[in-house]
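The values are calculated or read from the model by the stated rules, or taken from the named source; none is laboratory data. In this text the structure is predicted, and so the values were computed from the model without any measurement. Neighbour counts are summed over all protein chains in view; Cβ atoms, including those assigned to glycine, are modelled from backbone coordinates with ideal geometry.
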Amino acid sequence: MEKRPRIGDRWAAWKRRLQRIRLECRECEVICERVVSPQHCLDSGCSSVYVYQDDDTKMFGCLHKVFAPDLDLAAHERSAGRRGADPYGTFKLHRAPRKQCKVSIEQGYLALALTTVCSNPTFFHYPTGPPEETMRLTTNLPPEPQP
């Protein structure tokens, strides 16, 4: 007899998928990803930024790991006098953003975006609330048999 996954296991799988969908969308040929700029974190004085000394290099990162890598702070200090300079660029979100994060969406294959219809328009809403409030997933799994 084949064992069916328990409801708790299926719910955990849905929660992981829901979290991934909040960070990127691959529902059509155009790949959309939420990105964040570490430069904005430094400029805004975000309380979630930490700084540490690694040998002779100052490094910084996000306490909540919204962006994953720790970066060299010297690039920020060199670009401090230049207007509009962003030495880091944008990074793909690693975890759900905080309310103070400046999040934008980058689309791959932009030529396809002009010719296709978005199959997940709720992805373009800002994901500040809990996942259940911003997006609803449905499933076609058959109902579990009653004992």
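Would you pick out the residues in the range 113-129 that are modelled with pLDDT under 65 and within 13 Å of Leu23 (Cβ to Cβ)?
The answer is Pro127, and nothing else.
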- How about the range 32-45: which of its residues are touching a Leu at 6+ places or on another chain (Cβ under 9 Å) and touching a residue at least 40 places away in the same chain (Cβ under 8 Å)? Glu33, Arg34, Val35, Val36, Pro38
- In the range 91-106, anything in a strand (DSSP E or B) and either aromatic (Phe, Trp, Tyr) or at pLDDT below 85 (or both) is listed as Phe91
- Message: Can you name every one of the helices (runs of 4 or more DSSP H) wholly within the range 1-84 that holds 3 or more residues which are surrounded by 11 or more Cβ atoms within 10 Å (Cβ to Cβ) and modelled with pLDDT of 80 or more?
- Response: 38-44, 74-78
- With respect to Pro87, determine if the residue is crowded, with 18+ Cβ neighbours inside 10 Å and of a type outside the set (Ser, Thr, Tyr). no
